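The values are calculated or read from the model by the stated rules, or taken from the named source; none is laboratory data. Keep in mind the model is a prediction, meaning the values are calculated, not measured. Note that we place each Cβ from the backbone using ideal geometry, even for glycine, and neighbour counts take in every protein chain shown.
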């Protein structure tokens, strides 16, 4: 492929990614994606010790030395999260009955490019996203007894109109990877962008340090910088091990929500660590096992208890009460012919939300814990390939008391389906 054609293809890829990036939303391991790119999605997010395409640099930068030549990977996923809550018992603040969230279909883009520098080094660039605190509950009418501050009643879950939040997190990273004998390493400086909006929280404004910057302020944005580093070691022809770590990313404050998030609108992106192994039973069959830790306690706005006895927005103020999440991922990749490779994955992660924090997490019911994934890769010849991935996330529930304590009972519900497609283009 000529330099002109490479530049044109890369420009189109970047344009498509940026055009649809406002729709990025995922919610699998808390609000982290379980895998970026169709290959790793089909493996339930496993495979940091067995990176074979450009999209793998988002999982482990060191693995990029295993990708030969130059390639562009364009991926898109259709993400279907179904969220709801049900409230019952003696009088509470949230609307009673079962209420379902809208916004149940989203597009998730992923673009990755990699190129060999020489036999022992490579570089790449990738665009990918997180997100997942994305809910939209309707503004249904509620009679006056349900909304006591108003003599004529109100509407919506919390009597202040349509309720919901929208969080987008997008990452752009540039990777350099190198190897010395059986040891490989890689580093990816990361630029992070996020946008956030909250609606329908007006009933809580009196508990905020800054009521004017608490809710219904449309989208506000922030940026930050961090890094991802990766290491790999080939123990033998049959066994590879790897470690990947992404630093906590300190984000600039969301000023329009300085009265909602702790520390005046601070919403940082947690650090995470992954350790993985890959066992090559033969040249056509590989088994993978990954362990991943996401440190949500890095971000007070996410991990602080919703029952903190200080106003929203204060240092140490209320958050969503999320715990750190540990995930275990098992996967197998089986090449059944020269043109067809099948993939299967299973992952299990902790639930970040406990019964004591269900009330505020109506906004962000990221309670799912189990993932079943499958997919395939079809070799199109001349280095091009088409990939498909499907993930089923069964329904999970968490039940606890609402804000009236011991009276109203709230159950959070969530299930998901994810369908991904990617096209790998040989750029040589």
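For region 207-240: of the residues being surrounded by 18 or more Cβ atoms within 10 Å (Cβ to Cβ) and out of contact with any strand residue (DSSP E or B) (no Cβ under 8 Å at 6 or more places or on another chain), which is farthest from residue 58 (Cα to Cα)? My answer is 210.
To keep it simple, each residue is scored yes or no on (1) modelled with pLDDT of 95 or more; (2) touching a strand residue (DSSP E or B) at 6+ places or on another chain (Cβ under 6 Å).
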{"site": "242", "(1), (2)": "yes, yes"}
{"site": "249", "(1), (2)": "yes, yes"}
{"site": "258", "(1), (2)": "yes, no"}
{"site": "275", "(1), (2)": "yes, yes"}
{"site": "283", "(1), (2)": "no, no"}
{"site": "290", "(1), (2)": "yes, yes"}
{"site": "302", "(1), (2)": "no, no"}
{"site": "310", "(1), (2)": "no, no"}
{"site": "316", "(1), (2)": "no, no"}
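Which members of region 358-372 meet the condition of being farther than 18 Å from residue 389 by Cβ and either surrounded by 24 or more Cβ atoms within 10 Å (Cβ to Cβ) or touching a strand residue (DSSP E or B) at 6+ places or on another chain (Cβ under 7 Å) (or both)? Passing the criteria: 358, 359, 361, 362, 363, 364, 365, 366, 367, 369.
With respect to residue 201, determine if the residue is modelled with pLDDT under 95 and within 28 Å of residue 135 (Cβ to Cβ). Criteria met by residue 201. Examine region 66-74 for a residue that is over 21 Å from residue 190 (Cβ atoms), touching a residue at least 60 places away in the same chain (Cβ under 8 Å), over 16 Å from the mean Cα position of the chain (by Cα) and part of a loop (DSSP other than H, G, I, E, B), and state whether such a residue exists. Checked against the condition, which is being over 21 Å from residue 190 (Cβ atoms), touching a residue at least 60 places away in the same chain (Cβ under 8 Å), over 16 Å from the mean Cα position of the chain (by Cα) and part of a loop (DSSP other than H, G, I, E, B), region 66-74 yields at least one hit.
Selection of first residues in region 244-271 that are touching a residue at least 40 places away in the same chain (Cβ under 8 Å) and on the phi > 0 side of the Ramachandran plot and of second residues that are assigned to a loop (DSSP other than H, G, I, E, B) and crowded, with 24+ Cβ neighbours inside 10 Å, restricted to Cβ pairs under 7 Å at least 6 apart or on distinct chains, gives the following pairs, ordered by first then second residue: 264/313; 265/254. Within region 177-191, the set of residues being over 14 Å from residue 54 (Cβ atoms), touching a residue at least 60 places away in the same chain (Cβ under 8 Å) and either in contact with a strand residue (DSSP E or B) (Cβ under 7 Å, 6 or more places away or on another chain) or outside any strand (DSSP E or B) (or both) comprises 178, 184, 185, 187. Looking at region 278-286, is at least one residue crowded, with 22+ Cβ neighbours inside 10 Å and closer than 20 Å to residue 130 by Cβ? No - not one qualifying residue is present in region 278-286. Residues that are outside any loop (DSSP other than H, G, I, E, B), more than 22 Å from the chain's Cα centre (by Cα) and surrounded by 14 or more Cβ atoms within 10 Å (Cβ to Cβ) within region 303-345 comprise 312, 332, 333, 334, 335, 341, 342, listed in sequence order. If you go through region 146-168 and keep only what is assigned to a loop (DSSP other than H, G, I, E, B), at pLDDT 70 or above and either farther than 24 Å from residue 261 by Cα or within 28 Å of the chain's Cα centre (by Cα) (or both), you end up with 147, 156, 157, 158, 161, 162. The residues listed here are 396, 348; of these, the one that is touching a residue at least 40 places away in the same chain (Cβ under 8 Å) and either part of a strand (DSSP E or B) or more than 15 Å from residue 29 (Cα to Cα) (or both) is 396. Among the criteria (1) touching a helix residue (DSSP H, G or I) at 6+ places or on another chain (Cβ under 7 Å); (2) at pLDDT below 95; (3) surrounded by fewer than 22 Cβ atoms within 10 Å (Cβ to Cβ), the one residue 351 does not fulfil is (1).
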